[in-house]
Amino acid sequence: MGDSDATPAQAKKLNRLNTMAIDEKPRARPIDFEEDVIQRRPVTTQAGMGTADVTAPTPGVLANDDNIVFTTVNNLVNWARSRSPWPLGYGLACCAIEMMAASMSHHDTARFGMEVFRSSPRQADVMIVAGTVTHKMAPRLRRLYEQMPEPKWVIAMGNCASSGGEFWDSYSTLQGVDTIVPVDVYVPGCPPRPEALIEGLLRLREKIMKGG
Amino acid sequence: MPVGPFGIDPLIWAPLRLIIAVGLALFLVLNGALLQIYLERKIQAIIQDRLGPYHVGPFGLLQTFADALKLISKEDVRAAATDGWFFVAAPALVFCPMLASWVVLPFAQDIVGTNLNIGLLYLTTLGSMTVLGIVIAGWASNNKYALMGGLRSAGQLISYEIPQILALVSVVLVVGSLSMIDITRSQAGPLVNVLILPFPFLIYFIAALAETNRTPFDLPEAESELVAGWLTEYSGMRWGTMLALSEYGNVTVVCAIVTTLWFGGWQGPGVDAIPLLGVLWFTLKVYAFILIMMWIRATLPRLRIDQLMSFCWKGLIPAALVNILVVATLALAFPTTKIPIAIASWVLVVLFVAGIPFVQRRRLRVLRARARASAAPAVRAVS
Ligand code: SF4
C-alpha cells in the first residue's frame, strides 16, 4: 500500500478515512435535482401534468411547495400525486424482503402514505422492481408496466434491478431493468436497507412534486 | 295553522327535511369515506405498532384527500376486451343502492329522508342489490380473476343475506314495526334492544361483516388468491368509487342499522330537550361500530372460502332459525313482558359461544380420520 513512504500524518489520515463510520465521511456534492435526476431521465411515455419548467414552483407567496390553499392546479395535482404514490408490490428476489420490511412497523412507509401495496397494476402508481429480473420475467415486467395507468413511475431497487448486480454478465439475467422500462430512481445496495428504499421513495416524491 | 317540528310550518318543513337529509347523507358518505379510510389506516397502524400516515397535513389528516385527488387525476383505463357499457355502469350500480339506503336512516328525531313503514325491508333489499353491480363488474372486466371475485362475492353475499334477515325478523317480532323511526322510539330509556335480543345482534353483526366484505370475510378481494378480486381491472376514480365510497358507505349503513335496531338509534341523554343532539348520539354510536369493525380487521386473518360457506350454512342459519323459533314462541306465550325473551336470548348467546369449541373439535376429529384413511394405503406400503 505504500504506507512506508507516507508521512506519519498522512498515514494517520488514511487510517482515519479507512476506519471512520460511513456517515462521518466528507459528503459528496448534494444531489441537484434539475441536473442529476430530471435532465438524465430516460425517454418515457409518461403524460405528467406538464414539464418541469412549467410546474416549477413560482417564487412568491401564491404557489410554493407547502401552500395548498393558493396554488395552481398543476401544483395541487402534483402535490397529491407525490403524497400518495401507491407501489405495485413487485418483489422478485431477496430485495423484496427489505421492501416488506420498509412497510412494517420499524420503518413504516405508511407515514408518507406509501404503504398501500396494490396487487393489481391498474391501481398502482409506482412499480418497485425489487430483485433480480430474469430474461423470462422481463416480458411480464414490461407488460405489468404497460398495464399501469398514467402517470407511473419505476424504482429500481437493488443492484440487480439497477444494473444486473451480482448477476453481471449472466446468460439468464437482465442487465438492469432500465433496458426495458424507464427508471426514475435507482436505489443501490445488495440489498438496500429499508432506509435506502424510503430515501428513494422520498427522492421520487420530490421528483413528482417538480412535475416529473 | 298546524305547527310542525321546531315550530316550522309542515309545508316548508317537508322539503327542508329532504334537503337536510340528502345533505347529511352526501356529507356523511363522501366525507365519511375520507375520514374512515384515514381512521382505518391510522388505527391499523396503531394496532400494528406503527405510526400510520402523519406527514401529509396535520397528523396526516390530508392523506386521504391527497389519495382522492390523485385517483381523480389518474388515467382511466378500459381494456379493449371489456364489456363496454357494463364496465362503465358497474361502479354506479354498486354505489347507487348504497346511497339510496340513506333515505330511511334516522339521524335524529325528525331528521330522516322519509319515514317508510317498510324501512327495514327497503334496507335489506338495497343491501342485496349491491351484488348485482359486483357481478356485473366481474363479468364486464373480461378477466378471470375479476370474474372469480365477482362470483365469489355473489355466493358470499347471497348466503349471508339469509342469517342477516332472519336476525332482523326477530327484532321486528318484538318491536312490532318495520319502520326505523318506530323501532328507535320503542327503545326510549336505558332498555335498548341489545339487552333483550343479544343473540340476533351477534348473528347480524357477523353476517354484516361478510355482507360488507370486511375481514375476516373479504374473500372477494383476497389479494393472495385473486389479484384484487372483482376490482382487478378498475383504475382511477372508478376504482375509488367502487371500493372507497361504496365499501365504506355500506359499512356505515350496516353500522347504522345495528345502531338503530339494537342500540336505540338517536336516543341518548338530552335528546328530548334538544332534538338535534340525536345526530351526535347517532353518529357516535355508528362510529363506535365502525371502529369495532376496524379492530376486527386488524385482528383476524382471512377465512378460506369453504370455511366461509360452511360457517354460514351450518352455523349461522340454523342458529338464526332457532332464534326465530324461540323469540316467536316466547312472544306468543308472554305477550306482556319481554323478560323471558331476554333470558332465552342471553342463554342462546352463551350456548352459541360455548358451543364453538365443541363443534370445532368434532370437525377436527372428522378431518383427521379422513386424512388417516386416505393415507392408510401408503402407510401400509411403507411398514
Ligand atoms: S440486489 Fe442483492 S439482495 Fe437485491 S435481489 Fe439482487 S442479489 Fe438479492
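The values are calculated or read from the model by the stated rules, or taken from the named source; none is laboratory data. Nothing here was measured: the structure is a model prediction, and the numbers come from that model. Cβ placement follows ideal geometry from the backbone for every residue including glycine, while neighbour counts extend to all protein chains displayed. To get the accessible areas, we keep the full protein, side chains included, count just its heavy atoms, and leave off ligands, DNA and RNA. Shrake-Rupley method; radii C 1.70, N 1.55, O 1.52, S 1.80 Å.
General observations
- All of (1) surrounded by fewer than 16 Cβ atoms within 10 Å (Cβ to Cβ); (2) in a helix (DSSP H, G or I); (3) at pLDDT below 80 hold for A:T45 with one exception: (2).
- Some residue of region A:75-84 being more than 22 Å from B:L62 (Cβ to Cβ) and open to solvent by 10 Å² or more (accessible area, probe 1.4 Å): no
- Any pair with Cβ under 7 angstrom, 6 or more apart, that starts in region A:99-114 at a residue that is within 9 Å of another protein chain (Cβ to nearest Cβ) and in contact (Cβ under 8 Å) with a residue 12 or more places away in the chain and ends at one that is of a type in the set (S, T, Y) and in a loop (DSSP other than H, G, I, E, B): A:G113/A:S84
- Hits in region B:276-316 (condition: at pLDDT 85 or above, open to solvent by 80 Å² or more (accessible area, probe 1.4 Å) and over 15 Å from B:T215 (Cα atoms)): B:L284, B:W313
- Qualifying positions in region B:176-185 - over 22 Å from the mean Cα position of the chain (by Cα) and either surrounded by 20 or more Cβ atoms within 10 Å (Cβ to Cβ) or over 15 Å from B:D272 (Cα atoms) (or both): B:G176
- Qualifying residue in region B:357-368 (condition: touching a helix residue (DSSP H, G or I) at 6+ places or on another chain (Cβ under 7 Å), hydrophobic (A, V, I, L, M, F, W, C) and either open to solvent by 60 Å² or more (accessible area, probe 1.4 Å) or assigned by TED's automatic domain parsing to the domain that holds B:P200 (or both)): no
- Scanning region A:169-199 for residues being in contact (Cβ under 8 Å) with a residue 60 or more places away in the chain and of a type in the set (D, E) gives a total of 3.
- Strands (runs of 3 or more DSSP E) lying entirely in region A:101-212 (those with 1 or more residues that are more than 16 Å from the ligand (Cβ to nearest atom)): A:126-130, A:153-157
- Residue in region B:60-83 that is small (G, A, S), outside any loop (DSSP other than H, G, I, E, B) and not assigned by TED's automatic domain parsing to the domain that holds B:L34 present: no
- Condition check for A:L88 on (1) within 16 Å of the ligand (Cβ to nearest atom); (2) within 16 Å of the chain's Cα centre (by Cα); (3) modelled with pLDDT of 85 or more; (4) not in a helix (DSSP H, G or I): one failure, at (1).
- Scan of region B:49-64 for residues that are facing chain A (nearest Cβ under 9 Å) and open to solvent by 80 Å² or more (accessible area, probe 1.4 Å), ordered by number: B:D49, B:L51, B:Y54, B:H55
- Verdict on B:A90 being assigned by TED's automatic domain parsing to the domain that holds B:P269, in contact with a helix residue (DSSP H, G or I) (Cβ under 7 Å, 6 or more places away or on another chain) and open to solvent by less than 10 Å² (accessible area, probe 1.4 Å): yes
- Scope region A:122-173; condition hydroxyl-bearing (S, T, Y) and either surrounded by 21 or more Cβ atoms within 10 Å (Cβ to Cβ) or within 14 Å of chain B (Cβ to nearest Cβ) (or both); matching residues: A:T132, A:Y145, A:S162
- Of the residues making up region B:65-75, those that are more than 7 Å from every other protein chain (Cβ to nearest Cβ) and either closer than 21 Å to A:H107 by Cβ or surrounded by fewer than 17 Cβ atoms within 10 Å (Cβ to Cβ) (or both) number 1.
- Given (1) in contact with a Cys (Cβ under 9 Å, 6 or more places away or on another chain); (2) open to solvent by less than 40 Å² (accessible area, probe 1.4 Å), number of the condition B:P200 does not satisfy: (1)
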